[in-house]
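Asks: This is the structure, below, for whatever I ask next.
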Amino acid sequence: MSEIRPLTPRECVELLATQPVGRLAFSENALPTVRPVNFFLHDGDIVVRTSRSGSIARLTKEVVAFEVDSIDPATHTGWSVVVIGKVKPVTDVADLVALSGPGHRPWADGERSHFLRIPIDIVSGRLLRLAEPGAVTDAAAS
């Protein structure tokens, strides 16, 4: 049997830092859109590096959702974290220099000189793990 438990905000942020790719959910032409993006954490915010063109680059002050997970299909275990925040384009020269370092190289080819910061305003997560033998899970208790 398995159990699902909520993650604390601290656990959520710690798990975010373990993955290089997440999914950015936003509205494009009044329709929901989800794009996979590589990202990193910087000063407690999610940072996405993208091109100056395209739908992601047009985000300026929109509220977005950002989801990261890690799932093991063999054991049916894993976790998922969702962040809600208001996008902020990075324009400060000192920040741009710091974010452009070699440790923050984008995965996609081409020009990727536009940075978006997503503050972790709201964060939630869930952990799905194998229950200890004899443990009562929420599903079994109901």
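The values are calculated or read from the model by the stated rules, or taken from the named source; none is laboratory data. If you're wondering where the values come from, they're calculated on a predicted model, not measured in any experiment. Heads up, the Cβs are rebuilt from the backbone with ideal geometry, glycines too, and the neighbour counts pull from every protein chain shown. Only protein heavy atoms, including side chains, enter the accessible area calculation; ligands, DNA and RNA are left aside. Shrake-Rupley method; radii C 1.70, N 1.55, O 1.52, S 1.80 Å.
Asks: Out of the residues in segment 35-46 meeting the condition of being touching a strand residue (DSSP E or B) at 6+ places or on another chain (Cβ under 8 Å) and of a type in the set (D, E, K, R), tell me which one is most open to solvent (accessible area, probe 1.4 Å). Don't jump to the end; show me each part of the working.
Replies: If we filter segment 35-46 for residues that are touching a strand residue (DSSP E or B) at 6+ places or on another chain (Cβ under 8 Å), which is where we start, we get 35-42, 44-46.
Checking which are of a type in the set (D, E, K, R) leaves us with 35, 45.
Details: 35: 84, 45: 29 Å².
Residue satisfying both the conditions and the ranking: 35.
Asks: Now for a different question. Say whether the condition of being part of a strand (DSSP E or B), over 18 Å from residue 21 (Cβ atoms), modelled with pLDDT of 80 or more and in contact with a Gly (Cβ under 9 Å, 6 or more places away or on another chain) is met by at least one residue in segment 38-46.
Replies: no
Asks: Taking residue 70 as the residue in question, decide whether it is farther than 20 Å from residue 119 by Cβ, in contact (Cβ under 8 Å) with a residue 12 or more places away in the chain and part of a loop (DSSP other than H, G, I, E, B).
Replies: No.
Asks: Hey, another quick one. For the list (1) open to solvent by 50 Å² or more (accessible area, probe 1.4 Å); (2) in a loop (DSSP other than H, G, I, E, B), I need the number of the one condition that residue 14 fails.
Replies: (2)
Results for (1) in contact (Cβ under 8 Å) with a residue 12 or more places away in the chain; (2) of a type in the set (D, E, K, R); (3) within 30 Å of residue 131 (Cβ to Cβ), shown as yes or no for each residue.
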position	(1), (2), (3)
18	yes, no, yes
22	yes, no, yes
28	yes, yes, no
45	yes, yes, no
48	yes, no, no
62	yes, yes, no
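Asks: Checking the condition of a type outside the set (A, V, I, L, M, F, W, C), modelled with pLDDT under 95 and open to solvent by 50 Å² or more (accessible area, probe 1.4 Å), which residue from 106, 20, 9, 32 passes?
Replies: 20
Asks: Right, next: Taking segment 79-99 as the search range and keeping residues that are touching a residue at least 12 places away in the same chain (Cβ under 8 Å) and open to solvent by 60 Å² or more (accessible area, probe 1.4 Å), which one is farthest from the chain's Cα centre (by Cα)?
Replies: So the residue we want is 88.
Asks: Would you point out the residue of segment 47-67, among those that are in a strand (DSSP E or B) and of a type in the set (A, V, I, L, M), that is most open to solvent (accessible area, probe 1.4 Å)?
Replies: Among them, the one singled out is 63.
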